[in-house]
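Below is one structure, written out as structure tokens, with a few remarks after it.
All of the numbers you see were taken from the coordinates with simple rules; none came from a lab. Everything numeric in this text was worked out from a predicted model, so none of it was measured. Here the Cβ is made from the backbone with ideal geometry for all residues, glycine too, and neighbour counts use every protein chain on show.
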Amino acid sequence: MNTTMGVIFANIYETSLGDLTNKRTMASLPYGGRYRQIDFSLSNMTNSGIRHIGIITKHNYQSLMNHVGSGQEWDLNLEEGGLEYLTPFAQGHNGFWRGKLEALNDAIDFFILAKEDYVVLSDSAVLCAVDLNEVVENHIASGADVTVMVKDGISNGVKQLDMAVKADEDGKVTDIAVDYCADESYLACMGIFVMRRDYLIRRVTEAVARSYYHFERDLVMYAFAKLGAKVNAYRFQGVALFNESTAEFFQNSLKLLDPEVRHGLFNRSNRTIYTTVRNEVPSYYGVDSQIDDCIVADGCTLEGCAERSVLFRGVTLGKDAKVKESIIMQDCIIGEGAELECVILDKDVVIGPGKRLCGTKEYPLVIKRGEIV
Amino acid sequence: MNFQKKQCVAMLLAGGQGSRLMVLTENTAKPAVPFGGKYRIIDFPLSNCVNSGIDTVGILTQYQPLELNEYIGNGQPWHLNRSHGGVQVLPPYARSKKSEWYKGTANAIYQNIPFIERYDPDYVLILSGDHIYKMDYAAMLRYHEQQGSDCTIAVRTVPIEEASRFGIMNTNEDGSIYEFEEKPKKPKSTNASMGIYIFNWKVLREFLIADEEDPKSSNDFGKNIIPALLESGHKLYAYEFQGYWKDVGTISSLWEANMELLGTEPEFDLSDASGNRIYARNYAMPSSFIAKESKNENCLVAEGCEIYGNICHSVISNGCIIESGAIVEDSVIMPNVRIEAGAIVRHAIVGEDCVISRGAVVGGSFGPGEEKSISVIGKGKVIPANEAVKPGEIR
């Protein structure tokens with residue numbers, strides 16, 4: 001797909017994930033034992049043949065740059081095209097950009113100098129494995145100015161959506177709502193958009209000239225409502241996980257225990273999700289270990305019990321420790337006889353022997369990176 | 001062209017067929033045989049090179065090189081994708097005068113004299129692609145320099161009753177070698193050669209050329225070059241190595257070496273924090289899923305697996321599926337194997353991409369002290385449902 005370029009927004013919703021995104025971008029939030037959220041957006045693009053990708057960052061992006069690096073795991077370390085980090089320009093009078101629209105304007109040269117006809121824009125909060133070729137082809141066939149990827153069954157009247165749309169059977173959007181707790185009649189936007197590059201440049205430039213900054217409201221909805229633009233909704237049929245709050249992140253992590261979700265995200269035959277390699281040894285299961293329905297990455301030493309949990313790379317689980325419905329990130333150490341339930345341990349947390357921690361499914365207990373309990 | 005000089009170039013002999021590994025090396029070179037759940041044998045010497053600061057490695061290939069070539073690629077997993085040096089695969093090639101296959105280990109290096117000369121090295125390190133160990137070659141090189149040696153050979157102490165199976169270096173008190181005996185009937189010492197040599201390049205070059213001119217020579221380091229060096233009065237030293245080392249050239253030693261990774265204090269600790277990391281080409285596979293109905297005792301499981309069955313004292317590699325009710329004991333399961341419901345695998349090595357169908361039985365159990373004969377299933381084989389593969393049988 002040499003006619004399409006990609007852009008990924010690394011900083012979205014970071015305030016709603018509390019301590020988990022306090023010192024990292026949404027894009028670098030660890031997920032599923034060995035991944036970061038951005039691995040999905042990046043792999044979707046490269047699996048679809050997109051070879052020119054910009055990553056828009058705002059702050060706390062060290063962990064992101066450390067993870068993605070030159071993009072070599074995605075074969076993006078190219079002479080031409082490849083990966084570009086679009087870090088913010090401080091804009092004199094108003095400092096950093098306020099919204100995605102201003103961020104795109106900061107990076108406008110990236111788009112002006114590009115050669116591709118189409119742009120796929122993606123957030124990093126929604127995890128899915130999608131063939132973007134199909135989405136772009138659908139966009140072209142629809143004759144629309146903007147295509148949004150949408151998912152059924154997400155809007156429930158309670159969850160606030162960045163953008164929700166109503167669409168007819170052909171995908172023609174008939175209503176758009178922004179930052180709204182839309183009811184079931186709306187389709188939830190997955191934060192993935194397709195438009196022509198020249199259209200994007202024109203709309204961004206004109207919107208910023210009017211001091212607008214909100215991408216969904218001031219570009220997509222404005223064009224739809226005020227300029228009569230045609231907006232097309234692409235209904236995604238596969239697994240889509242919206243990790244927009246701590247509770248959602250927690251519940252969506254445990255959804256990996258469901259084979260349909262697991263195989264939907266990690267299809268063995270194609271759509272591989274790539275990530276950065278850490279040369280860990282295979283995980284060791286001790287004689288007394290009991291691991292029931294868990295996702296386990298490499299490099300773990302498991303002597304205790306774990307049930308319905310996700311164990312990231314390099315976790316140590318002491319003898320007689322009991323971990324239930326918890327997310328244990330990279331290199332955590334859980335002491336002998338410790339008991340955890342509904343807990344998220346960020347990286348490098350140490351739980352002392354015999355300690356007991358308990359959260360609930362709606363309010364999982366989050367322990368900050370590097371804490372010693 | 002004027003190249004930057006390298007102090008030491010490593011030459012890794014990876015061209016052997018490894019026929020004692022039977023079906024496991026039918027379509028692949030021995031160094032590319034999977035090991036320890038996510039590694040291949042060649043990862044060990046390659047990682048040792050990088051961890052010892054050697055950044056120029058020639059890999060001499062000849063037998064079934066395709067899989068090995070792809071695995072090595074540009075050397076990036078071992079940080080050997082360098083603009084100068086790095087890893088280079090060296091197959092035999094046609095020349096204007098005489099073209100031939102690698103006739104022996106020494107001939108393989110002889111044919112690549114032009115490669116080595118490009119880096120103008122002081123020393124050349126010769127390695128084999130069939131040993132499992134972690135070693136700091138830099139320490140060996142320092143020893144070589146301190147002794148003012150022409151050739152230093154890494155040795156390890158073996159029990160005297162086993163010494164007649166090895167090449168034995170008989171040394172003086174200062175570590176200098178006065179005699180080399182290949183598989184001696186009556187061994188005088190217990191210093192077994194590990195097949196790891198450091199040569200002063202100028203000396204080696206001279207002897208390689210001389211050896212090539214001798215039509216009776218079998219062009220082998222152990223048989224020809226080392227004896228010739230000794231005879232001519234060059235200084236040879238033995239460098240004693242203390243750590244774990246295993247030649248995995250046979251089915252039983254390959255199986256044993258895998259088993260020695262297991263336990264809370266394994267004989268060979270891959271994750272040993274003080275030791276150096278072993279690098280491998282990683283395939284993008286999701287983390288493993290371990291089901292409630294499974295039971296895992298004293299085993300290593302790599303990523304990309306789905307485990308529903310029972311595993312005891314085994315190594316399970318990337319991308320394996322062990323179905324419900326299957327039993328795997330005392331076995332090595334190589335990458336992307338499917339063991340179907342109710343199948344039983346005991347004391348076996350199952351090659352890559354195999355399928356052990358429902359109810360099939362591979363291998364058997366052995367009492368304590370009884371000699372274990374290992375069953376082997378070659379790469380990509382499908383064992384039909386309810387079929388039995390006898391202990392020690394090779395498919």
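Each of B:90, A:340, A:64 was scored by other Cβ atoms within 10 Å of its Cβ. Listed from fewest to most, they are B:90, A:64, A:340. With equal scatterers on the alpha carbons only and no solvent term, can you work out the Debye log10 of I(q)/I(0) for the protein assembly as shown at 0.07, 0.08 1/Å? After summing over all Cα pairs, the log10 values are -0.60, -0.76.
Put in line by how crowded their Cβ is, counting other Cβ atoms within 10 Å and starting with the fewest, A:87, A:147, A:301, A:246 read A:87, A:301, A:246, A:147. As a calculated quantity, the FRET efficiency between residue B:23 and residue B:373 at R0 = 22 Å, using C-beta atoms, amounts to about 0.90. Considering only alpha-carbon pairs that sit under 8 angstrom and 6 or more positions apart, the relative contact order computed for segment A:4-266 is 22 percent. Both the radius of gyration and Dmax for segment A:4-266 are 17.2, 52 Å, in that order, over alpha-carbon atoms. What longest range of chain B stays clear of loop-exposed chymotrypsin sites (Phe, Trp or Tyr not before Pro) (DSSP non-H/G/I/E/B, at most 11 other C-beta within 10 angstrom)? No qualifying site falls inside B:94-395, the longest such stretch. Between A:225, A:129, A:144, the GNM of chain A built on Cα springs shorter than 10 angstrom shows A:225 fluctuating the most. The helix-based estimate of mean residue ellipticity at 222 nm for chain B, built from -39,500 (n - 2.57) per DSSP H run of four or more residues and divided by its residue count, is -4500 deg cm²/dmol to the nearest 500. For chain B, the antiparallel share of DSSP beta bridges with both residues in that region comes to about 30%.
Between 0 and 90 degrees, rounded to the nearest ten: what's the tilt of helix A:132-142 against the longest Cα principal axis of chain A? That works out to roughly 30 degrees.
Whole-Hz Karplus values for segment A:186-201 come out as 9, 9, 7, 7, 8, x, 10, 10, 10, 7, 5, 4, 5, 5, 4, 4 Hz, taken residue by residue from phi with 6.51 cos²θ - 1.76 cosθ + 1.60 and θ = phi - 60°; glycine and proline positions read x.
Projecting label points 7 angstrom from Cα along Cα→Cβ for residue A:205 and residue B:292 puts them 6.1 nm apart. The residue list B:224, B:137, B:347 was ranked by how far each Cα lies along the charge dipole of chain B toward its positive end, using unit charges on Cβ atoms, and B:224 comes out on top. Stretched out straight at 0.36 nm per residue, the stretch from residue A:336 to residue A:263 would grow longer than its current Cα-Cα span by 22.9 nm.
Taking amide hydrogens as placed 1.01 Å from N in the peptide plane, the amide H of residue B:128 sits under 5 Å from those of B:13, each at least 5 positions away in sequence or on another chain.
Couplings 3J(HN,Hα) of segment B:284-298, computed from phi: 6, 10, x, 4, 6, 10, 10, 7, 4, 6, 7, 9, 10, 10, 6 Hz, in residue order, whole Hz [Karplus 6.51 cos²θ - 1.76 cosθ + 1.60, θ = phi - 60°; x for Gly and Pro].
Annotation note: GluC sites (Glu not before Pro) in segment B:352-392 located in DSSP loop regions with a Cβ neighbour count of at most 12 within 10 Å are B:370, B:371. Hey, could you get me the Stokes-Einstein D for chain B, Kirkwood radius over alpha-carbon pairs, 20 °C and 1.002 mPa s, rounded to whole µm² s⁻¹? In µm²/s, the coefficient rounds to 97. Take each residue in A:271-277, count the other chain C-beta atoms within 10 Å of its C-beta, and the mean is 3.
Inter-chain Cβ neighbour count for A:296-309, averaged per residue, equals 3 (cutoff 10 Å, partner chain atoms only). Within segment A:4-266, DSSP assigns beta bridges of which about 55% are antiparallel (rounded to the nearest 5).
Loop-resident GluC sites (Glu not before Pro) (DSSP state other than H, G, I, E or B) in segment A:165-253 with no more than 11 further Cβ atoms inside 10 Å of their Cβ: A:169, A:184. Evaluating 6.51 cos²θ - 1.76 cosθ + 1.60 at θ = phi - 60° for every residue in segment A:205-212, the Karplus couplings come out as 4, 5, 5, 5, 4, 9, 6, 7 Hz, glycine and proline recorded as x. For chain B, the relative contact order is 14 percent, taking Cα pairs closer than 8 Å that sit 6 or more residues apart in sequence and dividing their mean separation by the residue count. With no solvent and one equal point scatterer placed on each C-alpha of segment B:207-287, evaluate the Debye formula and give log10 I(q)/I(0) for q = 0.11, 0.20 Å⁻¹, two decimals. With no solvent term, the Cα-only Debye profile gives -0.61, -0.99. Peptide A:257-263 shows a mean partner chain C-beta count of 2 within 10 Å per residue C-beta.
Cβ-to-Cβ counts within 10 Å put A:235, B:277, A:210 in ascending order as A:210, A:235, B:277, the fewest first.
Extending 7 Å from the Cα toward the beta-carbon at both residue A:179 and residue A:255 defines two label points whose distance is 2.6 nm. For residue B:345, the amide hydrogen comes within under 5 Å of the amide hydrogens of B:327, B:328, B:329, B:362, counting only partners 5 or more places away or on other chains and with H modelled in the peptide plane. For residue A:118, the residues whose modelled amide H falls within less than 5 Å of its own, excluding neighbours fewer than 5 places apart on the same chain, are A:4, A:5, A:197.
So what's the angle, to the nearest 10 degrees on a 0 to 90 scale, between helix B:201-213 and the longest Cα principal axis of chain B? That helix lies at roughly 90 degrees to the long axis. Reported to the nearest whole Å, the Cα centre-to-centre distance from segment B:331-395 to segment B:4-77 is 27. A full extension of the chain between residue B:161 and residue B:4 corresponds to an added length of 51.7 nm, given 0.36 nm per residue minus the alpha carbon distance.
Counting only alpha carbon atoms, the long axis of helix A:37-47 and the longest principal axis of chain A meet at about 60°. Spin-label model, residue B:386 to residue B:253: label points 7 Å out along the Cα-to-beta-carbon direction sit 4.2 nm apart. FRET efficiency for the pair residue B:231 and residue B:173, taken as 1/(1 + (r/R0)^6) with r the Cβ-Cβ distance and R0 = 22 Å, rounds to 0.50.
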